[in-house]
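Below: the structure, in structure tokens.
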Amino acid sequence: MAQSLNNILKKLAALEEEFKGHIQSVDSLSALEELRIKFLGRKGVVTEHFKLLGTLSPKERPKLGEDLNRFKGKIQDALEQVKGTLKSKGGEDGYIDLTPPGTYQQIGFKNPLIQVLDEVKEIFTSMGFGIETGPEVETEYYNFEALNVPADHPARDLQDTFYLPGGYLLRTHTSPVQIRTMEKRTPPIRIIAPGRCFRNDTPDATHSPIFHQVEGLVVDKGISFAHLKGTLLAFARKLFGENMRVRFRPSFYPFTEPSADYDFSCVFCNGNGCRVCKNTGWLEISGSGMVDPAVFGYVGYDYETYTGFAWGMGVERIAMMKYKIDDIRHFYDNDLRFLNQF
Amino acid sequence: MKVTYNWLKSYTDFTFTPAALVNTLTMLGLEVESIADQAWDFDGVVVGEVIRKERHWNADHLWVCDVKIGRRNLTIVCGAPNVAVGQKVAVAQEGTRLASGRVIERTSIRGVVSNGMLCSEAELGLSDRGEGILVLNDDIKLGTKLIDVLGGRDIYMDIFITPNRPDCLGVMGIAREIAALADRPLKRPKIRLKEQGRRISGFIKISIKNPDKCPRYTARFIGNVNVQPSPWWLIQKLEAAGLRSINNVVDVTNYVMLETGQPLHAFDYDLLKRKQIVVKTAKPGEEFTTLDNRIHKLNAECLMICDGERPVAIGGIMGGFNSEVSENTKNILLESAYFNPVNIRRTSKYLGISTESSRRFERGVDPNGALYALDRAAQLIAELAGGKVASGFVDVYPKPIKPLKLTLRLQRAELLVGTKIPASQIRSILPRLGLQILSQKGGNFKIEVPTFRPDITREADLIEEVARVFGFDNVPADSAAVIDLLTPANRLEQFSRHVQDTLLANGLSQVVTYSLLNKKEAGLFAEGRRVVELVNPISADLSTLRPSLLPGLLKAVKWNLNRSNPDLKFFETGAVFEMSGKKVVENRKLAAVATGAAATPTWKVRPAAVDIYDVKGFVEHLLRRNNITRWNFIPFSCSYATTKTLSIEIENRKLGTVGEIRSEVLEQLDIEQPVFFFELDFDLLYQKTNWQRTFSAVPKFPPVTRDIAIVLKDTVTAENVAADIKRHGGAYLQNLNLFDVYIGKQIGSDHKSLAYRLTFYSTERTLTDEEVDTQMKLILDSLRNTFAARLRE
């Protein structure tokens, strides 16, 4: 139903009063913008009234048009003026205390053990290694026998094993993954096997009954001990820096022959000798060696055709070296004050 | 194996300093685990001679002695019963500090001034013997420092012997390694044995019934021994090796074992019935008392050394109480045998006895070293206990074990080690280790392996020997590699990382918790599954494998709550375990817990407490990030979760649960604030993850948004409302967002208000207000009709 011109003009006057009331109480640029939209926006009051022009007779239109334009002008002037005032006394360039800390979305922390594990995986992946995994619940066969550790052999004393019902055990190392991988594939093989391991050790600052290992295995034609040295040297330098040195010492593992323990130059003193490395300049990492012919026998590889090397690595130990953490139990306590340091 | 620097040096002339020796041994594979200086401290103790001895005028039990030290004479008051004129003795002069910390002063003893002290072994810290003074050899020059008489300062070393090297469980074996590296001869003590009297066959008959378990048994008879405490030098050696001194006869058997690696046993001959030794397996269930006075129940595998009537020792493991050498022993039967390593190992495990002897036999003693050790011990017993060694010896050795012959190909060694090894090196290295080169044809060596190296049975073992002495340090590091560029990407690994990153971005911290729990904790989350208990746990607290990741996560929560960290969000991925029939089943899970404030409180924002919608959101976000589009939440509860819990299904397979932990369960874990959780099947999530992402056009035309707030009965679910809106939203309703839920006075009881923002757009044109209004009317009409909803004013 069309409205009479008088009614519209009355309403317009009321709106003008309303606007005056609003503009006096505006105290921020955003409130000012809201007011602008309410009156001059695409669906604003003034715009809506301009639409009414079409409902009036041609005689009445100029009057309303004039009033509307005047009203629109007033609004624009008032908005400009208040905008200027707001800017000059406060507003955009006014005083504000900027010393409270900035705010952000806190993302979660990653246990440093996982960080180091991820880093180790990235390094070996970049060197062309694949990643294999295996079960934590193992059989005697995979954990010992196929690794050339027969029952009734004193080498079993080297690892205190947790046994489970039904003849199962908790793997004492990630080496069973070597066997599982070789069983299902033919050389060349170039893998790492990260995972959780278990040994019947009472927890203290350097021992944990649950720990993580990264096993490595390379099998191909012409693989030598020199390649083992090169691989672990490359790893040490990628993880700890270009000054790292690696030392290999003869040792004994039933699944490697020759066997070697390997040490990294001490990260605490750069190999100069300190309390941590007992003045030797070296920190013991873990065991390694050339895959024993007996192990190839179990998986049906021809020892005359292929040779290979394997190594183990304790992730906790590496993480402790990297972040200079003094107690292995920190990894498993998950104290927020520990986690938020990494 | 505990040894000393000087002890090693007595078998080979090396020039290494102690520090260099430690490094040398370590680089040979004999890792020195610790070294320590000898605690001896008697700088002011010198050798003197007693030249006069008179009874103290004022004390019956004291002597006043004149002791000559070089050119000086000292008057010293002494209470030792054994002091005698002409003895060479250890004199502690004024100012000397003894092992006990006592400092010797010039003092008056009952009116006679004493200018020092004549020392006993105990006072010098050499042994426990304190009843008389130490009497030294006659040929020592007066005034010599005692420390020099004892061979100078010594260094104790503890060497880790790997299980493959039984030969290095004897000091001579370690010395052989050093000699090989230093290219010096090994000095084996020469046997100087004086046999006398009747032949041994007149004293004992020996037979072996189980030659597979005891391939060799040798023995000697020593008569008329005088069993007494050992001299200090012998006690010193035993103590350096961590053994306790018993008496001179037993100590000699132990000493020769430490020297050669061959365990020996001495029987009191007069306690052996019928003068027979029969080596045979035990009767099952038979009981036997070992010399430590413990009773053992035997099985049919236990190999016993028996006399004519009964067992007198567990072969290779421990002697019997019934034939032990004591102070009263007059005649000795000395045994040096070779036992089968596997059988020793089994018996030792079965009986729970591990001894110096069993440790060596189970690793493999040299079967052809038995006689040398036997003779060496017989000689020392004769020297120290004054016995007479009967002529001859018994040697029952039905099938002599011969040295192995192996071929070593130089080419193979070079391939395995990865460097050129001159043939001359092999000719030099192997013989030094006792590996005899029988012949060489080109690069092929025929090698005879001595029986003291049971670890060398294959060519690879020989190559290890070459590499070890050649030096691992001399092998270059070869960092060239041939890699297969077609190595497939590890999807599971990528997936794990993706999950990890998504949850970390949601503010959850990634933790690592123990897989072992106490049974009670595990039981709280077992939900009717049978938990897996360890056969041999360390403790009750670490006795059961986790059936769920939740108890471990809750323990991490508790640890932090106890340390005033109240706002926690943790997740973990890992294996959980349960029994299925007789099998142990392992499954991978992804779980999280959240408690306290939903976000970090700041001066700008005071976040609400975590609730079910937060953990539900973690899961939904994770699913969406894994490009999974359809899933169902179904109301759920269980023994550890309240009714504020949902089960989540994908294509009718249960992915997991998300909800709230029951307060009764939290109480048992000492947690006093609400904890929300989710636990998902990691492998199912991996399987359902959709790796394929396909582009859909980015809208070119502006969207139209409409907000509506409706009031309806509070029993109507938001899920049903949303479904209804979507059903009537038409082709252009692209997004529906519930942005407010209100329950309260303004709308009356039993009602709630839901506010939605609807976004419409077309990919082909700009929508008109009229079109959208029409669609909104349809939606509202349906909501009114279906749910009796009304628009909120």
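None of the figures in this text is laboratory data; all of them are computed from the coordinates on show. This structure is a prediction, so every number in the text was calculated from the model and none was measured. All Cβ positions, glycine included, derive from the backbone under ideal geometry; neighbour counts span all protein chains shown.
Angle between the Cα long axis of helix B:171-182 and the longest principal axis of chain B, 0 to 90 degrees, nearest 10?
Approximately 80 degrees, to the nearest 10.
With an 8 Å Cα cut-off and a minimum separation of 6 or more residues, compute the relative contact order for the stretch A:5-93 in percent.
Computed value for the stretch A:5-93: 33 percent relative contact order.
Rounded, prolate or oblate for the stretch B:646-768? Axes are the square roots of the Cα gyration tensor eigenvalues, ordered a ≥ b ≥ c, and the cut-off for rounded is a/c under 1.5.
In terms of gyration-tensor shape, oblate.
Could you check the spin-label model distance between A:Phe342 and B:Gln494? Points 7 Å from the Cα along Cα→Cβ, value in nm.
Here the modelled spin labels are 2.6 nm apart.
Out of every Cα pair in the stretch A:107-238, what percent are spaced more than 17 Å from each other?
65 percent
I'd like the orientation of helix A:29-40 relative to chain A: the angle between its Cα long axis and the longest Cα principal axis, in ° from 0 to 90, rounded to 10.
50 degrees
Before rounding to the nearest 500, sum -39500 (n - 2.57) across all DSSP H runs of length at least 4 in chain A and divide by the residue total; then give [θ] at 222 nm in deg cm²/dmol. Walk me through the numbers before you get to the answer.
Numbers: 12 runs with 137 residues, N = 342.
My calculation for chain A gives -12500 deg cm²/dmol from helical runs alone.
So how far apart, in nm, are the two label points at A:Asp326 and B:Asn137 if each is 7 Å from Cα heading toward Cβ?
In this crude spin-label approximation the distance works out to 5.1 nm.
Going 7 Å from the Cα of A:Thr305 in the Cα-to-Cβ direction, what parts of the stretch A:175-189 have a backbone nitrogen less than 18 Å from that spot?
Output list for this probe position: A:181-189.
How big is the C-alpha Rg of the stretch A:14-70 next to the rule-of-thumb value 2.2 N^0.38 Å, as a ratio?
For the stretch A:14-70, the normalised Cα radius of gyration comes out at 1.30.
State whether the stretch B:704-791 is rounded, prolate or oblate according to the following rule on the C-alpha gyration tensor (a ≥ b ≥ c being the square roots of its eigenvalues): a/c under 1.5 gives rounded; otherwise a/b larger than b/c gives prolate, and the remaining case gives oblate.
prolate
Only helical DSSP H runs with n ≥ 4 go in: add -39500 (n - 2.57) per run for chain B, normalise by residue count and round the 222 nm mean residue ellipticity to 500 deg cm²/dmol.
-7500 deg cm²/dmol
Over its Cα atoms, what ratio of radius of gyration to 2.2 N^0.38 Å does the stretch B:251-318 give? Mind showing how you got there, number by number?
Details: Rg = 12.8 Å, N = 68, 2.2 N^0.38 = 10.9 Å.
Expressed relative to 2.2 N^0.38 Å, the Cα Rg reads 1.17.
Counting only other residues whose beta carbon sits under 9 Å from that of B:Glu309, what net charge do I get with K and R as +1, D and E as -1?
Around B:Glu309, the surrounding residues sum to +2.
Could you tell me the ratio Rg/Rh of the stretch B:17-99? Both radii from Cα atoms, Rh via Kirkwood.
Reported Rg/Rh (Cα atoms, Kirkwood Rh): 1.29.
In nm, to one decimal, how far is the modelled label at B:Ile743 from the one at B:Ala20, with both set 7 Å along Cα→Cβ?
8.5 nm
Could you give the size of the charge dipole of the stretch B:195-396 about its Cα centre, using +1 on the Cβ of each K and R and -1 on the Cβ of each D and E, expressed in debye and rounded to the nearest 20?
Roughly 540 debye, rounded to the nearest 20.
Taking K and R as +1 and D and E as -1, what net charge do the other residues with C-beta under 13 Å from the C-beta of B:Asp501 add up to?
After counting each charged neighbour, the total is +1.
Principal axes first, then extents: for the Cα atoms of the protein assembly as shown, list largest minus smallest coordinate on each axis, whole Å, largest first.
Per principal axis, max minus min of the Cα coordinates gives 156, 76, 59 Å.
What per residue convex hull volume, in Å³, comes out for chain B when only alpha-carbon positions are used?
About 295 Å³ per residue, rounded to a whole number.
Would you mind ranking B:Phe321, B:Phe525 by Cβ crowding within 10 Å, fewest neighbours first?
B:Phe321, B:Phe525
Give, to the nearest whole percent, the P(r) tail of chain A beyond 26 angstrom, counting all Cα pairs.
Percent of Cα pairs beyond 26 Å in chain A: 64.
Helix B:612-625 versus the longest principal axis of chain B: what angle, 0 to 90°, nearest 10, using Cα atoms?
With both axes taken from Cα atoms, the answer is about 90 degrees.
Take peptide A:276-282, look around each residue's Cβ out to 10 angstrom, count Cβ atoms belonging to other protein chains, and average those counts.
1
Mind checking which lysines have their C-alpha under 25 Å from B:Lys349, skipping anything on the same chain fewer than 8 residues away?
Within the straight-line limit of under 25 Å, B:Lys349 reaches these lysines: B:Lys2, B:Lys209, B:Lys213, B:Lys280, B:Lys283, B:Lys297.
Shielding by partners for A:242-250, please: the mean number of other protein chain Cβ atoms within 10 Å of each residue's Cβ.
Per-residue shielding by partner chains comes out at 4.
So how much slack lies between B:Arg102 and B:Lys273, counting 0.36 nm per residue of separation and subtracting their Cα-Cα distance, in nm? Show your work: numbers first, answer last.
Values: separation 171, 0.36 × 171 = 61.56 nm, distance 5.20 nm.
That pair, B:Arg102 and B:Lys273, stretches by 56.4 nm at full extension.
Grab the Cα-Cα distance for A:Glu122 and A:Lys184, subtract it from 0.36 nm times how many residues apart they are, and report the gain in nm with one decimal.
Contour length minus Cα-Cα distance gives 19.9 nm.
Mean separation of Cα pairs under 8 Å and 6+ residues apart, divided by the residue count of chain A: what relative contact order is that in percent? Walk me through the numbers before you get to the answer.
Details: 501 pairs, mean separation 49.1, N = 342.
Once normalised by length, the contact order is 14 percent.
Report the equivalent ellipsoid semi-axes for the stretch B:404-472 in whole Å, largest first, defined as the square roots of five times the eigenvalues of the gyration tensor built from alpha carbon atoms.
17, 13, 11
May I ask you to derive the relative contact order of the stretch B:491-688, considering only C-alpha pairs under 8 Å and at least 6 residues apart, and to give it as an integer percent?
19 percent
Just to verify a number: FRET efficiency for B:Arg625 and B:Gln673, C-beta to C-beta distance, R0 = 30 Å, to 0.05?
Taking R0 as 30 Å, the efficiency between B:Arg625 and B:Gln673 is 0.55.
Give the calculated FRET efficiency between B:Ala36 and B:Glu586 to the nearest 0.05, with a Förster radius of 45 Å applied to their Cβ-Cβ distance.
For B:Ala36 and B:Glu586, the calculated efficiency is 0.45.
Run the paramagnetic zone check for B:Glu414: 7 angstrom along Cα to Cβ, then residues of the stretch B:466-496 with backbone nitrogen under 18 Å.
Taking a point 7 Å out along Cα→Cβ of B:Glu414, the residues of the stretch B:466-496 whose backbone N falls under 18 Å are B:466-468, B:470-471, B:474-478.
Classify the stretch B:45-149 as rounded, prolate or oblate from the Cα gyration tensor: take a ≥ b ≥ c as the square roots of its eigenvalues, call it rounded if a/c is under 1.5, otherwise prolate when a/b beats b/c and oblate if not.
Here the stretch B:45-149 falls in the rounded category.
With a 10 Å radius around each residue's Cβ, average the other Cβ atoms per peptide and rank B:510-519, B:466-475, B:709-718, highest first.
B:510-519, B:466-475, B:709-718
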